[in-house]
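For reference, the structure is listed below as structure tokens.
Laboratory data are not the source of any read-out in this text; all were calculated from the coordinates shown. Source: prediction; values computed, not measured. Cβ atoms come from the backbone with ideal geometry, glycine included; neighbour counts cover every protein chain shown.
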Amino acid sequence: MALEAINGATSLTIGGSADLTGSNLTMTSQTAPIAAGNFKGRYLHYGIREHGMAAAMNGIALHGGFIPYGGTFLVFSDYARGGMRLSALMGLPVIYVLTHDSIGLGEDGPTHQPVEHLAMLRATPNLNVFRPADIIETAECWEIALREKATPSVLALSRQALPMLRAVPGDENLSARGAYVLREAKGPRDVTLLATGSEVEIAVAAADKLLSEKGIAAAVVSMPCWEKFEAQDESYQSKTLGSAPRIAIEAAGRLGWDRWMGPRGSFIGMQGFGASAPAGELYKHFGITAEHVVAEALRLAGHHKGERGR
């Protein structure tokens with residue numbers, strides 16, 4: 001939906017996919033395919049060639065005059081890795097649309113379910129990794145990526161449908177801050193829930209349960225882009241993260257999260273590879289649920305209240 005609006009507003013974008021157009025949803029009504037003898041289109045069918053796609057997009061960006069974006073599954077960023085690293089090294093505003101970004105893709109199983117890939121991409125210098133939580137954040141992250149002049153972007157997008165967690169935005173692009181308080185606690189925070197992408201929905205559900213069933217005040221912080229949050233001043237970071245214990249929720253590996261969780265924090269996510277089952281069953285199997293968040297929050301908040309009592 002975001003791309004339909006973007007491609008209708010500008011003719012500068014050239015899209016594509018590594019043989020996953022129907023899954024990545026990177027083709028819109030404005031983007032007819034480029035083919036032999038017909039170069040009027042704005043869409044490239046790259047075939048099962050992630051590295052070739054990344055290399056070609058680098059060339060398009062180096063040529064100038066166009067904004068290239070290309071799609072594949074997040075797990076297949078392994079195959080595009082060399083080209084993506086060169087995008088970052090050369091400072092090229094290439095946009096990588098990496099869908100099916102977690103165990104939520106379901107029955108294709110662990111060969112297709114990314115676990116370590118977000119950490120790998122976040123470790124890459126000069127690469128913005130966006131994992132939006134809903135349609136509003138997705139549009140905001142696309143806006144940021146399109147405005148970049150010397151930094152490539154990753155848009156890590158879920159397969160499963162997600163609810164809209166924010167009202168229609170005002171003038172400020174909140175995702176440009178990298179992280180922001182999506183839902184403040186009712187009163188002083190007992191715990192802060194940090195999440196990205198499809199797990200922000202779980203954090204919101206957990207915060208509701210904590211307040212209504214346990215009387216625990218939880219704030220929810222959405223973190224669509226660590227790189228942008230790292231660039232904020234210390235006062236904004238401290239205000240956003242708060243001083244209460246923090247729980248990080250992401251259906252991926254833990255690496256990198258300890259910086260934001262702090263020494264008293266807890267992580268709810270993947271400890272190994274995935275499995276083959278429907279998304280809902282997998283989230284329950286691996287404990288990435290609102291109920292697990294509530295149990296962990298009760299443990300941390302109780303300890304926190306005990307410290308405040310002393």
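Things worth noting here:
- Once the chain from Glu213 to Glu184 is taken as fully extended at 0.36 nm per residue, the excess over their C-alpha distance is 8.7 nm.
- Chymotrypsin sites (Phe, Trp or Tyr not before Pro) within region 4-59: DSSP coil, no more than 11 neighbouring Cβ in 10 Å: Phe39
- Relative contact order (%) - criterion: Cα under 8 Å, at least six apart; region: region 174-309: 27
- For Lys284, the lysines whose Cα falls under 23 Å of its own Cα, not counting residues fewer than eight places away in the same chain, are Lys209, Lys214.
- Region 219-279-region 45-118 distance, computed between alpha-carbon centres (Å): 23
- Residue-wise HN-Hα couplings along region 78-86, as the Karplus relation 6.51 cos²θ - 1.76 cosθ + 1.60 with θ = phi - 60° gives them from phi, are 4, 6, 8, 3, x, x, 5, 4, 5 Hz; Gly and Pro carry x.
- Cα-based helix-to-principal-axis angle, 199-209 vs the chain, degrees rounded to 10: 20
- Overall form of region 2-156 per C-alpha gyration tensor (a/c, 1.5; a/b vs b/c): rounded
- Over all directions, the projected convex hull of the C-alpha atoms in region 174-309 averages 8.3 nm² in area.
- Prolate/oblate/rounded call for region 217-266, Cα gyration tensor, a/c under 1.5 rounded: oblate
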